[in-house]
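See structure below.
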Amino acid sequence: EVKLLESGGGLVQPGGSMRLSCAASGFTFTDFYMNWIRQPAGKAPEWLGFIRNKANGYTTEYNPSVKGRFTISRDNTQNMLYLQMNTLRAEDTATYYCARSSWKRDYFDYWGQGVMVTVSS
Amino acid sequence: DVQMTQSPSYLAASPGESVSISCKASKSISTYLAWYQEKPGKANKLLIYSGSTLQSGTPSRFSGSGSGTDFTLTIRSLEPEDFTVYYCQHYNEYPPTFGSGTKLEIK
């Protein structure tokens, strides 16, 4: 059974940093693209970026809205996905999800349940 | 970015009825469209991809249609567990973007 479990959320001050983690299980982690998606309360989800699979060199793509502030990485020995978020702003407040996708199939076939990030002083 | 306009935002129906949800793209996205179901406390569920292909495990009462800019999610013979929120998402180019959602409520 595919499982994705996010952790690391909470309250952070504006300008601060936070790292989210996503533990993956139930599939061959290195075969898949891994994504981060966020959703502010009452708004549409927003794709943040992904890190490609082994066959595609573990390279990354980002939404321009967060490029330069957010960094996606993975530890393939631990089946872990990470999102490093820097210079956080109030508008980064949202529930953050990790999700799986595949090469040439940029839809998300499995999602985690999400973790809440609140940026406030 | 491609803008996805989903309508209606709210929809009320009764169990057993059929409903349709519209998703319009701001430019042609071929059939690079997915539909998701969101339930409180649960992971989002992929229902349909490529506009009309049911994901494994999606009940056959769900169907998707459309291409280009206009897409529709249809749910026939609504079951109690279908009353929740639905999103469309294009993946024709980066960044993929989502519609604003449709909340399906019991009438």
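Please treat every number below as a calculation from the coordinates, not as lab data. Small disclaimer: the values here were computed from a predicted structure and weren't measured. All Cβ positions, even for glycine, are placed from backbone atoms using ideal geometry, and neighbour counts span all protein chains on display.
Shown here for the range B:1-101: trypsin sites (Lys or Arg not before Pro) in loop regions (DSSP other than H, G, I, E, B) with at most 13 other Cβ atoms within 10 Å, namely B:LYS27, B:LYS42, B:ARG61. Restricting the range B:5-107 to GluC sites (Glu not before Pro) that sit in a DSSP loop and have at most 16 other Cβ atoms within 10 Å of their own Cβ leaves B:GLU17, B:GLU93.
Here the relative contact order of the range A:74-121, from alpha carbon pairs under 8 Å that lie six or more residues apart, stands at 36 percent. Checking the Cα-Cα distances for A:LYS104/B:LYS107; A:LYS3/B:LYS107; A:LYS54/B:LYS27; A:LYS43/B:LYS107; A:LYS54/B:LYS24; A:LYS54/B:LYS103 against a 30 Å cut-off, the pairs over it are A:LYS104/B:LYS107; A:LYS3/B:LYS107; A:LYS54/B:LYS27; A:LYS54/B:LYS24; A:LYS54/B:LYS103.
For A:GLN78 and A:SER121, FRET efficiency with R0 = 30 Å and r from the beta-carbon atoms, rounded to 0.05?
Once rounded, the FRET efficiency stands at 0.35.
Ellipsoid fit via the Cα gyration tensor, the protein assembly as shown: semi-axes of 29, 19, 17 Å, each the root of five times an eigenvalue, largest first. The convex hull around the C-alpha trace of chain B, projected and averaged over every direction, spans 6.1 square nanometres. Counting Lys and Arg as +1 and Asp and Glu as -1 over every other residue whose Cβ lies under 14 Å from the Cβ of B:PRO8, the net charge comes to +2.
Close amide H partners of A:ASN53, meaning residues 5 or more places away or on another chain with modelled amide H under 5 Å apart, are A:TYR33, A:TYR58. Convex hull volume per residue, computed on the Cα atoms of the range A:1-107, equals 104 Å³.
Sequence-ordered 3J(HN,Hα) estimates for the range A:43-50 from the Karplus curve with 6.51, -1.76 and 1.60 and θ = phi - 60° stand at 10, 6, x, 10, 6, 9, x, 9 Hz, glycine and proline given as x.
Would you please give the residues with an amide H less than 5 Å from that of A:GLY114, counting only those at least 5 places away or on a separate chain, with H modeled from the backbone geometry? Counting only residues 5 or more places away or on other chains, the set is A:GLU6, A:CYS98.
Select from B:SER77, B:SER60, B:SER30 the residue whose mean-square fluctuation is largest in a Gaussian network model of chain B (Cα-Cα springs shorter than 10 Å). Looking only at B:SER77, B:SER60, B:SER30, the biggest GNM fluctuation is shown by B:SER60.
Mind listing which chymotrypsin sites (Phe, Trp or Tyr not before Pro) in the range A:28-121 are in a DSSP loop and have 16 or fewer other Cβ atoms within 10 Å?
Working: sites: A:PHE29, A:PHE32, A:TYR33, A:TRP36, A:TRP47, A:PHE50, A:TYR58, A:TYR62, A:PHE70, A:TYR82, A:TYR96, A:TYR97, A:TRP103, A:TYR107, A:PHE108, A:TYR110, A:TRP111; in loops: A:PHE32, A:TYR58, A:TRP103.
Those that pass, being in a loop and sparsely packed, are A:TYR58, A:TRP103.
3J(HN,Hα) along the range A:64-76, derived from phi through the Karplus expression 6.51 cos²θ - 1.76 cosθ + 1.60 where θ = phi - 60°, amounts to x, 5, 10, 4, x, 9, 10, 9, 9, 9, 9, 10, 6 Hz, with x in place of Gly and Pro. Here is the size of the range B:40-80 from its Cα atoms: Rg then Dmax, 11.3, 34 Å. Cβ-Cβ distance of B:SER28 and B:ARG61, R₀ of 22 Å, FRET efficiency by 1/(1 + (r/R0)^6): the value works out to about 0.15. Scanning chain A for trypsin sites (Lys or Arg not before Pro) that sit in a DSSP loop and have at most 14 other Cβ atoms within 10 Å, the longest stretch containing none of them is A:44-88.
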